[in-house]
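The values are calculated or read from the model by the stated rules, or taken from the named source; none is laboratory data. Bear in mind that the values here come from a model prediction, so they are computed numbers and not experimental data. Positions of Cβ are generated from backbone atoms using ideal geometry, with glycine treated the same way; all protein chains shown enter the neighbour counts.
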């Protein structure tokens, strides 16, 4: 097939920082654009608060313009498909956390509207891409979408960027001390991320390793208190420094559509402590042991303490991480397009 016109409807705004879904959208478009048979156009929301709001974007920003395929790269973009009725409509669903954790959207009228319309709008999709088997299960559990309409395509990482580096060099570049221990958390402050567990875990770890500090990267609320460093949002090119500077990567989330930071930490060989929940078991497979879902603060801290003095990279995790790449994500996505047009 040649000259397939694809409109990619992105949830991110024109100048959004490259984190989370914006990273998926950006890398996917770059990879797919290299395909000579595809003519891809990215359609992103305006930067302004009003014009860039999602409901107005459904009406006035997203369009089909006769494209052979329209791909909504995030679930809250899907309601635009009800309005514009693309010829062939693909939707990527990353997770359904705000449906499960209703408090996450309750305070925002726009978000409440978006998530109320997500389940019915998915019925208009010709194909749904779930970013993990867990997400596929959640779509089936929370909507009437048949499993036959849902394909699993994992996210990937840039292995030229995420790889082991010298811990001392990484710490020097970040201004961190050589003789301290660092627990890294890469997370937003949404309810299901369970950042409320971080400080109690740190306190238990410090009983055994008093020179330990918590290093939090990610948007959302900062963690207050002693021995906590809030780095906020970090450009992706600097993220490998944080993974390599850390003694342990701690993933506290109890609900994940995929768990990209876990995969990034694996690629850097950083020892990881995470719960055996949601998508995490299928991402890590058997590369390291996970904690039970209901592990308490003391047990999480014990797991962190057991790994905090490891001085070698986790080679098994590094090897397993190489199964995930953005090139593979793009190829499998193009396969979805081509099958729709057969």
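At a glance:
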| quantity | calculated |
| --- | --- |
| Segment 249-258, residues that are crowded, with 24+ Cβ neighbours inside 10 Å and in a loop (DSSP other than H, G, I, E, B) | 253, 256 |
| Enumeration of residues in segment 289-302 that are surrounded by fewer than 17 Cβ atoms within 10 Å (Cβ to Cβ) and part of a loop (DSSP other than H, G, I, E, B) | 289, 292, 293, 294, 296 |
| Leading residue by the ranking (nearest to residue 16 (Cα to Cα)) among those in segment 50-84 that are free of Cβ contacts under 8 Å to residues at least 12 places away in the same chain and assigned to a helix (DSSP H, G or I) | 56 |
| Tally of residues being part of a loop (DSSP other than H, G, I, E, B) and surrounded by 15 or more Cβ atoms within 10 Å (Cβ to Cβ) across segment 21-49 | 2 |
| For residue 271: the one exception among (1) modelled with pLDDT of 95 or more; (2) within 30 Å of residue 40 (Cβ to Cβ); (3) in contact with a helix residue (DSSP H, G or I) (Cβ under 8 Å, 6 or more places away or on another chain) | (2) |
| For residue 213: the one exception among (1) at pLDDT 95 or above; (2) assigned to a helix (DSSP H, G or I) | (2) |
| From 206, 173, residue being part of a helix (DSSP H, G or I), assigned by TED's automatic domain parsing to the domain that holds residue 257 and crowded, with 16+ Cβ neighbours inside 10 Å | 206 |
| Residue among 195, 129, 183, 109 that alone is farther than 20 Å from residue 332 by Cβ and crowded, with 22+ Cβ neighbours inside 10 Å | 183 |
| Conditions (1) surrounded by 15 or more Cβ atoms within 10 Å (Cβ to Cβ); (2) part of a loop (DSSP other than H, G, I, E, B); number of the one not met by residue 201 | (2) |
| Number of positions in segment 265-277 that are under 13 Å from residue 248 (Cα atoms) and in a helix (DSSP H, G or I) | 2 |
| Checklist (1) at pLDDT below 95; (2) part of a helix (DSSP H, G or I) applied to residue 311, failing item | (2) |
| Odd one out for residue 87 among (1) surrounded by fewer than 22 Cβ atoms within 10 Å (Cβ to Cβ); (2) assigned to a loop (DSSP other than H, G, I, E, B); (3) in contact with a strand residue (DSSP E or B) (Cβ under 7 Å, 6 or more places away or on another chain) | (3) |
| Filtered residue count, segment 24-49, keeping only those that are touching a residue at least 60 places away in the same chain (Cβ under 8 Å) and in contact with a strand residue (DSSP E or B) (Cβ under 9 Å, 6 or more places away or on another chain) | 5 |
